[in-house]
C-alpha cells in the first residue's frame with residue numbers, strides 16, 4: 001500500500017493529465033453522437049415528409065436557382081410522373097404514350113413504335129421501377145428511375161436511368177416532355193437583304209442545346225452557300241450579354257447549306273446553348289455567306305454577313 005501511494009505521488013502530474021485527456025475524449029464523443037443524432041433525425045423527418053406511394057420528392061427547390069415551387073404543385077407533378085411510371089411498370093405503352101405532349105410526339109416520337117423502341121424499352125425494360133423527382137429549373141424536373149428492390153428481392157440495384165422531364169399544360173391537362181426535351185417555341189422572324197430572305201420559324205429547346213428551324217429563299221441571280229464549314233465559329237447565336245453560342249458545324253452537311261437561285265430551302269441547325277433561365281438570344285448570324293457560289297470556280301468569291309434579330 002505504501003509503495004502504491006509513493007508511486008501516485010511521484011506520477012501525480014501524469015495521472016492528472018491522463019484523467020483530463022480521458023474526460024475530454026468522452027465529452028467529444030458525446031458531442032459527436034449528439035450532433036449526429038440531430039442530423040439523422042432531421043434527414044429522417046425530411047424524407048418522411050416527401051415520400052409518396054411510388055416515388056420520392058427529393059426537393060421542391062430548384063437545384064439551379066434555389067427558387068422553389070409550391071408543395072401542392074410538386075405533388076401534382078409527382079402524381080403525373082407516378083402515373084407515367086405505373087403505366088411503364090405494367091408495360092402499358094399506349095397509355096404512357098398518351099401522357100406525352102403533342103410537341104414531344106412531333107419532335108421525338110411521331111409513332112408509338114418510336115416511343116417504344118427509343119425510350120420506353122430503355123427506361124421500363126426489365127424489373128419494375130421506382131423513381132425520385134427533384135425540381136431542376138422552372139417546370140423541368142430531374143427524374144431518376146431505379147429498380148424496385150422490394151419487387152426484385154435484390155439487396156442493391158445496379159440499374160439507374162436519369163431523365164429531365166418538363167411538365168407543360170395542354171388543353172387544361174398536364175403533359176410530359178421527356179428525354180431532356182424542354183419544348184418548341186414559334187419565332188416567325190424574317191429579314192430580306194440583297195434578294196435573300198431568311199426566316200427563323202421556330203426553336204426547339206433541349207437541356208443541352210437548341211435547334212433552330214430556318215427557311216432561306218434565294219432570289220439572287222446565282223446559287224448561294226450559307227457557310228463553307230471551314231471555321232466552327234462562323235454560324236452563331238448571340239445573347240443579350242453579347243456571348244456567342246456556336247453551331248454544331250460538325251453535324252452540318254455542306255450540301256444542306258446550298259440554296260440554288262430562285263429556290264427555297266428549310267434547314268435545321270443545332271447550337272451549343274444549354275437551357276439556362278433568363279438567357280435571351282437576340283440574333284442569329286451566318287457571318288460568311290458565299291454569293292454566286294460555283295464549286296467548279298471557287299477562286300474568286302464574294303461573301304456577306306447575314307444576321308436576323310430574333
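Within the stretch 265-279, take every residue that is more than 17 Å from residue 206 (Cβ to Cβ) and at pLDDT 95 or above and give me the one that is surrounded by the fewest Cβ atoms within 10 Å (Cβ to Cβ).
266
Condition (residue is out of contact with any strand residue (DSSP E or B) (no Cβ under 9 Å at 6 or more places or on another chain), outside the structural domain of residue 274 (by TED's automatic domain parsing), surrounded by fewer than 18 Cβ atoms within 10 Å (Cβ to Cβ) and on the phi > 0 side of the Ramachandran plot) applied to the stretch 138-146: is it met by at least one residue?
So far as the stretch 138-146 goes, no, none of its residues is out of contact with any strand residue (DSSP E or B) (no Cβ under 9 Å at 6 or more places or on another chain), outside the structural domain of residue 274 (by TED's automatic domain parsing), surrounded by fewer than 18 Cβ atoms within 10 Å (Cβ to Cβ) and on the phi > 0 side of the Ramachandran plot.
Of 233, 205, which residue is surrounded by 15 or more Cβ atoms within 10 Å (Cβ to Cβ) and either modelled with pLDDT of 95 or more or outside any helix (DSSP H, G or I) (or both)? Quick ask: steps written out before the conclusion?
On the way: 233 fails: surrounded by 15 or more Cβ atoms within 10 Å (Cβ to Cβ).
Every option except 205 fails the conditions.
Of the residues that make up the stretch 122-135, is at least one more than 15 Å from residue 84 (Cβ to Cβ) and within 13 Å of the chain's Cα centre (by Cα)?
Looking through the stretch 122-135, at least one residue is more than 15 Å from residue 84 (Cβ to Cβ) and within 13 Å of the chain's Cα centre (by Cα).
If the requirement is being more than 25 Å from residue 186 (Cα to Cα), at pLDDT 95 or above and surrounded by fewer than 17 Cβ atoms within 10 Å (Cβ to Cβ), which of these qualifies: 282, 244, 262?
262
Being in the same structural domain as residue 258 (by TED's automatic domain parsing), within 30 Å of residue 295 (Cβ to Cβ) and under 24 Å from the mean Cα position of the chain (by Cα) is the requirement here; does residue 191 meet it?
No: the conditions fail for residue 191.
Inspect all residues belonging to the stretch 38-48 and state whether any of them is surrounded by fewer than 13 Cβ atoms within 10 Å (Cβ to Cβ) and at pLDDT 75 or above.
Taking every residue of the stretch 38-48 in turn, none turns out to be surrounded by fewer than 13 Cβ atoms within 10 Å (Cβ to Cβ) and at pLDDT 75 or above.
Which one of 277, 270 is part of a strand (DSSP E or B), under 26 Å from residue 138 (Cα atoms) and within 28 Å of the chain's Cα centre (by Cα)?
After ruling out the rest, the residue left standing is 270.
Hey, among 55, 88, which residue is modelled with pLDDT of 80 or more, buried (at least 17 other Cβ atoms within 10 Å of the Cβ) and in contact with a helix residue (DSSP H, G or I) (Cβ under 7 Å, 6 or more places away or on another chain)?
88
Out of the stretch 280-310, which residues are in a loop (DSSP other than H, G, I, E, B) and in contact (Cβ under 8 Å) with a residue 60 or more places away in the chain?
292, 293, 294, 310
State yes or no: is residue 68 in the same structural domain as residue 114 (by TED's automatic domain parsing), in contact with a strand residue (DSSP E or B) (Cβ under 9 Å, 6 or more places away or on another chain) and at pLDDT below 70?
yes
Quick check, is residue 171 on the phi > 0 side of the Ramachandran plot and assigned by TED's automatic domain parsing to the domain that holds residue 279?
Here the answer is no, as residue 171 does not meet what is asked.
The values are calculated or read from the model by the stated rules, or taken from the named source; none is laboratory data. Everything numeric in this text was worked out from a predicted model, so none of it was measured. Neighbour counts run over all protein chains shown; Cβ positions are idealised from the backbone, glycine included.
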